[in-house]
């Protein structure tokens with residue numbers, strides 16, 4: 001495979017479960033991006049194209065795929081999922097998880113939880129709150145709101161959520177709405193992709209999006225041109241920290257970022273990056 005990346009360092013990026021999680025996430029988000037498409041046959045075609053993205057012959061393998069996933073995850077939805085999805089020290093599996101044990105990443109998007117005096121509640125706390133006889137009006141509103149949200153797009157309610165361990169808790173990284181819906185429907189468990197750290201550091205040899213590095217070094221070059229050497233140094237060294245524990249990131253930086261034809265001050269930037277990476 002001629003994609004410019006060292007073979008021994010990117011095999012884990014092609015693991016079937018990582019690709020499945022990424023393409024399932026893209027399929028889920030595309031339904032929100034194109035909410036007016038309700039035709040089952042059309043979505044079948046779109047889904048097949050998304051599933052085949054890792055083998056798309058018009059794209060550079062591996063790098064274009066993960067850059068595209070990041071563009072949707074982080075660029076559009078502001079969810080920094082790609083480092084977790086691609087870290088060599090994180091193992092992914094599919095499990096049925098007790099809803100009581102899940103902690104929402106945030107409750108701010110749910111009006112029905114506004115008066116729940118817990119910032120990051122778990123499923124048990126949400127269930128106790130919504131089904132409290134004193135909160136019958138809130139429960140009625142929550143069910144109506146959940147139904148309205150489900151109808152905004154083509155069916156996406158049964159997609160697996162994405163979770164992982166953090167400080168001894170199982171946190172929801174993607175799928176808060178589906179967690180709430182399952183609680184309202186009286187379910188005890190939910191299917192999820194779950195991340196488990198198998199070795200430290202947790203984030204190791206992960207994909208560093210090319211656009212993030214290009215953005216930082218571009219600003220570093222612009223500040224250098226404006227004689228703001230301190231800002232240029234900070235921005236350059238930020239790239240160093242991004243790739244310090246990622247052989248993949250280092251390869252992408254040297255092959256596609258630092259040699260960018262429009263980059264000003266490449267030699268100075270590389271020097272600062274190397275201070276961190278060495």
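Screening the stretch 86-196 for helices (runs of 4 or more DSSP H) wholly inside it with 2 or more residues that are closer than 21 Å to residue 20 by Cβ and outside the structural domain of residue 24 (by TED's automatic domain parsing) returns the ranges 176-184. Just one of the listed residues (267, 255) is exposed (fewer than 15 other Cβ atoms within 10 Å of the Cβ), in contact (Cβ under 8 Å) with a residue 60 or more places away in the chain and assigned to a helix (DSSP H, G or I), and it is 255. Quick check: is even one residue across the stretch 82-98 farther than 27 Å from residue 198 by Cβ and either exposed (fewer than 15 other Cβ atoms within 10 Å of the Cβ) or touching a residue at least 24 places away in the same chain (Cβ under 8 Å) (or both)? Scanning the stretch 82-98 turns up no residue that is farther than 27 Å from residue 198 by Cβ and either exposed (fewer than 15 other Cβ atoms within 10 Å of the Cβ) or touching a residue at least 24 places away in the same chain (Cβ under 8 Å) (or both).
Count of the stretch 52-78 residues, restricted to those that are touching a helix residue (DSSP H, G or I) at 6+ places or on another chain (Cβ under 7 Å), outside any helix (DSSP H, G or I) and surrounded by 17 or more Cβ atoms within 10 Å (Cβ to Cβ), is 1. If the condition is being surrounded by 15 or more Cβ atoms within 10 Å (Cβ to Cβ) and closer than 30 Å to residue 88 by Cβ, then the stretch 219-243 contributes 219, 220, 233, 234, 235, 236, 237, 238, 239, 240, 242, 243. Residues of the stretch 160-185 that are surrounded by 18 or more Cβ atoms within 10 Å (Cβ to Cβ) and over 22 Å from residue 203 (Cβ atoms): 160, 176, 177, 178, 179, 180, 181, 182, 183, 184.
The values are calculated or read from the model by the stated rules, or taken from the named source; none is laboratory data. All values reported here derive from a predicted model rather than from experimental measurement. Cβ: placed from backbone, ideal geometry, glycine included. Neighbour counts: every protein chain shown.
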